[in-house]
Amino acid sequence: MPIIFETEHIQTDRYQTLIMRQLTINLGITGAKEFLTRWNIVVMPLEASVDFTEFFEHVEGETNLGIAWGVTMPKSGNEGGDIYCFINDRSNMFIIRSNFTKISHELAHGILYALRERSRCIREYDEPAGKAGTEANCYVTRVHDQYYGRKKFRTYWIRYKFIWLPIQMLDIWDILNR
């Protein structure tokens, strides 16, 4: 399924390239194509997140309409699912950096779910949805341990007008190769 952009101001080609880069790095070309046949990736403005409040009511602390976030909703089995990314719908070099860090986070949940991480795991680090030592789905806890605990990111460079801009993507390579 295609990557769906419900935004008005971002440069969708840049985001599409970065999404494909993360999928290809972690799944290979064939795996990325297969992923896109099973998963819907929808990129929407932050304001649309008000229709998804049930997905972050349990999170400690307040969410902020200024910070990008998302939700990954797998279907049963390996039927894929939906990945909703809520981003700042503005086009500038600083926004793409913060937006894509969160998009890569949501993609990581989908990638782990698609590959095998459907059992339960113990959190190693505290995160907004739970404390270290509590249990949750592996496709959630392993991504959150990387994001909030280990803070493991890869930096990729994209051309943005007259400069090269570093973009950070959540690095899940070591999780995939355990």
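The values are calculated or read from the model by the stated rules, or taken from the named source; none is laboratory data. Just so it is clear, the structure is predicted and the values come from calculations on it, not from any experiment. With ideal geometry, Cβ positions are generated from the backbone for all residues, glycine too; neighbour counts draw on all protein chains shown.
Structure data summary
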{"item": "The stretch 80-98: number of residues that are of a type in the set (Phe, Trp, Tyr) and in contact with a Lys or Arg (Cβ under 6 Å, 6 or more places away or on another chain)", "result": "0"}
{"item": "Residue match in the stretch 129-139 (condition: touching a Ser or Thr at 6+ places or on another chain (Cβ under 7 Å), part of a helix (DSSP H, G or I) and surrounded by 15 or more Cβ atoms within 10 Å (Cβ to Cβ))", "result": "yes"}
{"item": "Residue list for the stretch 159-178, filter: surrounded by 15 or more Cβ atoms within 10 Å (Cβ to Cβ), closer than 22 Å to Leu27 by Cα and modelled with pLDDT under 90", "result": "Ile175, Leu176"}
{"item": "Sole residue being under 22 Å from Thr37 (Cα atoms) and not hydroxyl-bearing (Ser, Thr, Tyr), chosen from Lys151, Lys75, Lys131", "result": "Lys75"}
{"item": "Selection within the stretch 118-154 - closer than 16 Å to Leu23 by Cβ and out of contact with any Pro (no Cβ under 8 Å at 6 or more places or on another chain)", "result": "Val143, Arg154"}
{"item": "Neighbours by Cβ (under 6 Å, 6+ apart or cross-chain): first from the stretch 8-26, farther than 16 Å from Ala108 by Cβ; second surrounded by 15 or more Cβ atoms within 10 Å (Cβ to Cβ) and of a type in the set (Val, Ile, Thr)", "result": "Gln16/Ile3"}
{"item": "Filter pass, Tyr125 being buried (at least 16 other Cβ atoms within 10 Å of the Cβ), without any contact (Cβ under 8 Å) to a residue 60 or more places away in the chain, of a type in the set (Phe, Trp, Tyr) and touching a helix residue (DSSP H, G or I) at 6+ places or on another chain (Cβ under 8 Å)", "result": "yes"}
{"item": "Verdict on Thr7 being more than 19 Å from Tyr113 (Cβ to Cβ), surrounded by 14 or more Cβ atoms within 10 Å (Cβ to Cβ) and either modelled with pLDDT under 90 or under 18 Å from the mean Cα position of the chain (by Cα) (or both)", "result": "yes"}
